[in-house]
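This report concerns only the one structure given below.
The values are calculated or read from the model by the stated rules, or taken from the named source; none is laboratory data. Values in this document were obtained by computation on a predicted structure and should not be read as measured data. Cβ atoms come from the backbone with ideal geometry, glycine included; neighbour counts cover every protein chain shown.
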Amino acid sequence: MLILLLSLLFLALFALALGFVLQKRGKTEDAAPAKPRPEGCCGMHEVCEKESLLDGIDYEPEYYDDEELDAYRHRAADSYTPAEIEQFEEVLTTMRAEEVAGWVRSLRLRGVALPDALRDEVFLLVGEVREGARQSASPA
């Protein structure tokens, strides 16, 4: 009986040590940055993460002939002038609807906030594309 108790104690200590080492190792390795959750998402549902405009495979920004927008890095979304908003709008209106989600993701990765004045239009475009994709994927 004593051998059984000592074996269980040794096994528990080994598991604890192994867990500690693996946890410590995971914190030091270079990992992809954590994706921010969309507003109102608790993070407990896959749907929230899947529907996020930030949900992407890579974390490298892609440019959509919009390099000039990098000048607006670290600006608040509500601080743009009408002329600056026009620059964003010009890029938005020249791209295909399927590219909008990727463009917004790219802006966020580059530290450029989408102007508040364009948010509704962007969400509408992205929603239409996703709805169209859902309808084409569902059986007729």
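Residues in the stretch 80-131 that are among the charged types (D, E, K, R), more than 17 Å from Glu68 (Cα to Cα) and in a helix (DSSP H, G or I): Glu98, Glu99, Asp116, Arg119, Asp120, Glu121, Glu128, Arg130, Glu131. Going by the conditions given, is Tyr59 of a type in the set (Phe, Trp, Tyr), modelled with pLDDT under 75 and either touching a Phe, Trp or Tyr at 6+ places or on another chain (Cβ under 6 Å) or part of a loop (DSSP other than H, G, I, E, B) (or both)? Taking the combined requirement at face value, the residue satisfies it.
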